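Q: Below is the structure I would like to discuss, written out as structure tokens.
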Amino acid sequence: MVIMSFIRKIVPERSFIRLSWHYAKAFVAAAINGFSARKLTVVAITGTDGKTTTVGMIHHILMSSGRRVGSASTAFVQVMNEKEENETHLTSLSPFVLQKFLKRLVKEKCEYAVIEASSHGLVQGRLNYAYPSVSGVTNVTSEHLDYHKSIEQYRKDKGKLFEMLKGRGVKVLNGGDKSMKKYLNIESEETVVYSLRSPRPSPELVEGRVERGPLDVRCERTLEESYDFWLSDISANEFTTSAKIHRGEEVFDLELNIPGIFNLENALCAISCASSVGIPINECIESLENFKSLPGRMERIDEGQKFNAFVDFAVSSNSYRKTLETLQKIVGENGRVMVLCSSCGNRMKEKRPEIGKIASECADVVVVTEDETYGEDPMKVLEEVWSGINQSITEAHKIEDRKEGIRFLVKNAREGDAIVFCGMGPFSTMNKLEGSIEWDERKVVREIISEEISNEH
């Protein structure tokens, strides 16, 4: 371990030596497990935000349609209805864990595997030999620049998922995301494009997009005219989101029993992927109507309190903004948005002040607190988030102890307010400098809310 730690310090992460080592491990892992992915239809999802929810939605659609399916994401590993926490907390599993999981799916007679793919995992080849038939992307926003160095390289690295198609299969792209143009020209048999936006005239032509199956869409059509799925009549409240889905001349009604307009975008990506493996759109929509929020993903906590409370695994700057904007719509003009924000150690350092800035802009009350340290000084991380806070536009507090930060927000919440506790999501442990401790944020929030209700009576 000492030798490996020394090598990691002196050999750059993206050096030929390090990457060759990763690629070799991926091959050995696949070989040991009989290259099991070849016996499955694999759907792989990447993106900055929404990956885990999208994976969960695709799994739900396939299982509701009578398919045998397993999935692996940041939060969970699931075979049909059997769900386990991903204790590694890694978005892309190590190749040995992933290939063993795929072998398990084959043994369980599954037909499909749905896999979440991180940019790190793609660069390091953790998903090599996963042989995706469908590769989809949710969005690509500025993130992990400590590893990728630039947004351009980050987009390029995400694009490796589409290169894994090797000219076959289907790529599913977000028409409203800047990454789309970069991925359009990566070869595939078919391209499906979804967007929250309705089609609008555009002078920009779709270059090289000639692989749209029976539609045979070529460069004479504009980008927006080439959307396969798009939405209109979007509405949302604290419990549901709804919209009309357009596919050509067809119109379908979609209602999700989960909050957040961003979940409509996740649903469109899931529908695009599921329809690409043969699930009729009516079945996709019907199954999503009873899809429940994943644990720790805008999960509502209701202990009978007079304010709204959610636990959410928001970690990126963009996910913070989307989450807080959802709460703004929930409270309207009569309530306050309150947020517990943080950032984990030893990764994504560039995002920390940005999270503080966004929290200031979008929330009325902000508490900055500790998160998973991964060996880094939690107070240093806290101060970096705090440096982005604009105290002239929000009420802000530094509370190092996470439990006390939660207690402060609950104690000070009023009727009509909405609190979101960000960062930890569904995890059952939290890494601190002294080691890992048991930590279920949902349980902690429930207990504190119940205590406060009891104290009031």
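The values are calculated or read from the model by the stated rules, or taken from the named source; none is laboratory data. Just so it is clear, the model here is predicted, and its values are computed rather than measured. Cβ: placed from backbone, ideal geometry, glycine included. Neighbour counts: every protein chain shown.
Q: In region 147-178, what count of residues is obtained for those that are without any contact (Cβ under 8 Å) to a residue 60 or more places away in the chain, touching a strand residue (DSSP E or B) at 6+ places or on another chain (Cβ under 7 Å) and over 22 Å from residue 275 (Cα atoms)?
A: Qualifying residue count, region 147-178: 0.
Residue-wise test of (1) at pLDDT 95 or above; (2) of a type in the set (D, E, K, R).
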| site | (1), (2) |
| --- | --- |
| 92 | no, no |
| 108 | yes, yes |
| 115 | yes, no |
| 136 | yes, no |
| 139 | no, no |
| 144 | no, no |
| 154 | no, no |
| 158 | no, yes |
| 161 | yes, no |
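Q: In region 281-325, which residues are closer than 30 Å to residue 450 by Cβ and touching a His at 6+ places or on another chain (Cβ under 8 Å)?
A: Result: 291, single match.
Q: Grab the strands (runs of 3 or more DSSP E) fully contained in region 333-439, keeping just those with 3 or more residues being surrounded by fewer than 19 Cβ atoms within 10 Å (Cβ to Cβ) and over 23 Å from the mean Cα position of the chain (by Cα).
A: Output list reads 395-398, 435-438.
Q: Take region 377-436 and flag every residue that is aromatic (Phe, Trp, Tyr) and free of Cβ contacts under 8 Å to residues at least 12 places away in the same chain.
A: none
Q: Out of all the residues in region 293-307, is one or more aromatic (Phe, Trp, Tyr), more than 19 Å from residue 51 (Cβ to Cβ) and assigned by TED's automatic domain parsing to the domain that holds residue 445?
A: There is at least one residue in region 293-307 that is aromatic (Phe, Trp, Tyr), more than 19 Å from residue 51 (Cβ to Cβ) and assigned by TED's automatic domain parsing to the domain that holds residue 445.
Q: Which one is farthest from residue 26 (Cα to Cα), of the residues in region 107-119 that are crowded, with 19+ Cβ neighbours inside 10 Å and in contact with a Leu (Cβ under 8 Å, 6 or more places away or on another chain)?
A: Restricting to residues being crowded, with 19+ Cβ neighbours inside 10 Å and in contact with a Leu (Cβ under 8 Å, 6 or more places away or on another chain), the top hit is 110.
Q: Taking the options 239, 262, name whichever one is at pLDDT below 95, among the aromatic types (Phe, Trp, Tyr) and surrounded by 14 or more Cβ atoms within 10 Å (Cβ to Cβ).
A: Of the residues listed, the single one that is at pLDDT below 95, among the aromatic types (Phe, Trp, Tyr) and surrounded by 14 or more Cβ atoms within 10 Å (Cβ to Cβ) is 262.
Q: Further question: Pairs please, first residue from region 308-331 and of a type in the set (Asp, Glu), second anywhere and part of a helix (DSSP H, G or I), Cβ atoms under 9 Å, 6+ apart in sequence or on different chains.
A: Once the first residue is of a type in the set (Asp, Glu) and sits in region 308-331, its partners that are part of a helix (DSSP H, G or I) give 312/319; 312/323; 325/262; 325/362.
Q: Scan region 51-78 for residues that are touching a Cys at 6+ places or on another chain (Cβ under 7 Å), in a strand (DSSP E or B) and either aliphatic (A, V, I, L, M) or modelled with pLDDT under 95 (or both) and jot them down.
A: 69
Q: Something else: Sort through 53, 41 and tell me the only one that's under 30 Å from residue 264 (Cα atoms) and in contact with an Asp or Glu (Cβ under 8 Å, 6 or more places away or on another chain).
A: Going through 53, 41 in turn, the sole match is 41.
Q: When you look at residue 309, is it modelled with pLDDT of 95 or more, buried (at least 24 other Cβ atoms within 10 Å of the Cβ) and assigned to a helix (DSSP H, G or I), yes or no?
A: For residue 309, the condition - modelled with pLDDT of 95 or more, buried (at least 24 other Cβ atoms within 10 Å of the Cβ) and assigned to a helix (DSSP H, G or I) - is not met.
Q: Let me ask something else. Please work out if residue 13 is more than 17 Å from residue 291 (Cα to Cα), modelled with pLDDT under 95 and acidic (Asp, Glu).
A: yes
Q: Do we find that residue 325 is at pLDDT 95 or above, farther than 23 Å from residue 132 by Cβ and out of contact with any Lys or Arg (no Cβ under 9 Å at 6 or more places or on another chain) in this structure?
A: Answer is no for this residue.
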